[in-house]
Amino acid sequence: MVKSENKKKKRRGGKVFINGTFVGWHEHLPSLMRQVIGARRRGEISSEINVHLNTRAVELSINCDSGRARRPYIVVEAGKSKLTPPIISQIKSGEFNWQKLVNLGIVEFLDAEEEEHSYISASEDELTPDHTHLEIDPVSINGVVVSVLPYSDHNSSPRITMAASMTKQSLGTYILNYNLRADTRAHIMYYPQQPLVQTRPYKILNLAERSAGQNFVVAISSYRGYNMADAVVMNRNSVDRGLGRSVFFKTYETEERRYPGGQCDKMEIPPATTTGYRGEEAYKYLGEDGIIYPECMLSSRDVLVGKTSPPRFLKEVTVFGVVEEKKRENSLAVRSDENDTVDYVLITETLGGTKLVKIRIRSNKVPEVGDKFASRHGQKGVIGLMLPQEDMPFTSSGIVPDLIINAHAIPSRMTVGHLLEMLGGKVSSQTGKFVDGTPFDHDSEESLKATMKSY
């Protein structure tokens with residue numbers, strides 16, 4: 001009888017878990033959750049503790065294990081932010097730091113589970129008594145890549161996803177000491193530029209020091225049918241002036257391997273008697289040490305490093321029955337479809353003490369029909385036609401676009417941010433100042449139009 005009464009008592013409450021382990025029962029889980037959150041905000045327990053109430057399963061989970069992704073929010077009580085103007089003044093004067101804000105319960109970190117029963121406002125102007133938290137900055141809901149996309153709050157989510165993907169593929173200067181490195185593959189844009197429309201995260205991340213992409217003069221128009229179905233028309237004269245040009249580096253490497261029995265490879269110009277000899281023409285750029293010179297113009301199947309290896313079998317019998325060891329051709333050559341230039345030759349040693357040679361070749365990449373270009377709004381397309389400047393449309397003041405995109409690309413894809421960035425770019429070029437396109441807190445369309453009218 002006692003056991004059955006105890007079971008009934010337990011069933012009136014709910015289960016409590018700590019890091020997924022059942023620890024007991026509690027009669028009123030919402031009250032317990034409020035107590036834990038209150039103790040955390042008062043600094044009585046660790047600020048790394050989070051709670052989650054599952055009302056359907058009547059379970060309260062208390063999580064304090066490592067590895068959880070957590071985000072900071074401003075605490076809201078009775079519809080008002082706890083980050084008041086006096087506290088902001090103390091932060092600016094240096095009296096308050098980040099840890100003090102956390103210790104006083106002004107800012108707290110939530111994990112994914114506690115966010116489920118939190119009501120978070122993106123703006124302080126939109127706070128109601130029902131809200132529990134406030135975003136520190138609305139742009140923080142975006143990732144690192146999306147936060148540098150201007151006016152992304154005016155685009156549809158699929159286009160933002162595409163823009164983020166293509167931003168990660170954009171060309172620029174990926175590292176400043178690329179001339180001292182021998183990376184397997186690398187792309188460097190010749191003339192990277194800062195965008196005319198920027199965001200606050202763009203400046204915070206210091207991306208201006210390593211810009212990617214270029215500012216194009218873009219026109220929106222259907223032109224001769226060559227920019228239908230995601231194609232674009234490009235100005236050939238702009239390309240001749242360096243628009244969209246990049247250089248591609250690729251590194252080849254080879255070493256003098258050692259084999260059992262004391263045999264080893266040798267870097268040299270292979271003799272004509274070598275098995276698999278490629279012909280004298282293939283070795284025409286090699287020096288006496290069997291290594292090619294920098295700045296050689298390569299063609300198909302040219303040898304970069306001449307190398308001979310011992311035979312696959314220890315001894316080979318000639319036609320006359322004499323036992324001899326014949327060397328085997330094992331040179332490093334370029335691929336059949338590459339016509340590039342030798343950029344860099346590095347001669348060094350491996351950890352095992354064997355000779356190691358790395359050859360970096362470069363090739364200029366010039367935009368041509370079929371190459372893909374994209375904006376920061378997921379508007380992507382390939383070049384369908386390249387026209388000389390005299391055949392391109394122009395404005396009354398003589399401005400000729402670098403690129404023409406189809407007008408039908410805008411409405412169905414709902415990339416209003418693309419139009420706003422074009423407007424902001426025009427304003428920036430007229431005023432000589434960068435335009436702020438930070439999502440949720442940018443220069444408004446009205447202010448851009450007013451600036452345009454003043455010019």
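Readers should treat all values here as calculations from the given coordinates under stated rules, not as data from a laboratory. This structure is a prediction, so every number in the text was calculated from the model and none was measured. Cβ placement follows ideal geometry from the backbone for every residue including glycine, while neighbour counts extend to all protein chains displayed.
Rounded to the nearest whole Hz, the Karplus-based 3J(HN,Hα) values (6.51 cos²θ - 1.76 cosθ + 1.60, θ = phi - 60°) of the range 339-348 follow the sequence 10, 10, 10, 6, 9, 7, 10, 10, 10, 8, with x at glycine and proline. Working note: Karplus 6.51/-1.76/1.60 with θ = phi - 60° gives the range 39-44 the couplings 5, 5, 6, 7, x, 7 Hz, where Gly and Pro are set to x. Relative to the dominant Cα principal axis of the chain, helix 445-454 is inclined by about 60°.
Subtracting the Cα-Cα distance of Asp130 and Val58 from 0.36 nm times their residue separation leaves 23.7 nm of extension gain. Taking K and R as +1 and D and E as -1, what net charge do the other residues with C-beta under 10 Å from the C-beta of Leu385 add up to? Overall, the nearby charge balance is +1.
Which distance in nm do the two modelled labels at Tyr119 and Ile410 give, with both placed 7 Å along the Cα-to-Cβ direction? It is 3.9 nm.
Highest mean packing first, where packing is the average number of other Cβ atoms within 10 Å per residue, the peptides 417-427, 109-119 line up as 417-427, 109-119.
Taking the DSSP bridge list for the chain and keeping only pairs wholly inside it, about 80 percent are antiparallel. Angle of helix 2-12 to the longest C-alpha principal axis of the chain, folded into 0 to 90 degrees and rounded to 10: 70°.
Only loop residues by DSSP count here, and only those with at most 16 other Cβ atoms within 10 Å; note down the trypsin sites (Lys or Arg not before Pro) in the range 171-206 that meet that.
Counting only loop positions with at most 16 other Cβ atoms within 10 Å, the trypsin sites (Lys or Arg not before Pro) in the range 171-206 are Arg181.
Ranking Thr55, Tyr455, Asn227 by Cα position along the charge dipole of the chain, where only Lys, Arg, Asp and Glu carry charges on their C-beta atoms, puts Thr55 farthest toward the positive end.
When the chain is described by a simple charge dipole with +1 on each Lys and Arg Cβ and -1 on each Asp and Glu Cβ, the residue from Cys64, Thr84, Cys296 located farthest towards its positive end is Cys64. Sparse packing (at most 13 other Cβ atoms within 10 Å of the Cβ) combined with a DSSP loop state is found for the following GluC sites (Glu not before Pro) in the range 235-317: Glu288, Glu295. Inter-label distance, Tyr259 to Tyr277: 2.0 nm, where each label sits 7 Å from its Cα along the C-beta direction.
Normalising the average separation of contacting C-alpha pairs (under 8 angstrom, six or more residues apart) by the number of residues puts the relative contact order of the range 69-136 at 49 percent. Using a simple spin-label model with pseudo-atoms 7 Å out from Cα toward Cβ, Thr21 and Lys168 lie 3.7 nm apart. If you take mean projected area of the Cα convex hull in nm² from the coordinates, which of (1) 22.0; (2) 39.5; (3) 25.9 do you get? So the structure-derived entry is (2).
Each Lys and Arg Cβ is given +1 and each Asp and Glu Cβ -1; about its Cα centre, the range 69-136 then shows a dipole of about 460 debye.
Filter Lys168/Lys433; Lys250/Lys365; Lys250/Lys284 down to the pairs with a C-alpha to C-alpha distance above 23 Å, please.
Pairs exceeding 23 Å: Lys168/Lys433.
Note on the chain: helix-only mean residue ellipticity at 222 nm, from DSSP H runs of 4+ residues weighted -39500 (n - 2.57) and normalised by residue number, equals -6000 deg cm²/dmol. Restricting the range 260-302 to trypsin sites (Lys or Arg not before Pro) that sit in a DSSP loop and have at most 16 other Cβ atoms within 10 Å of their own Cβ leaves Arg278, Lys284, Arg301.
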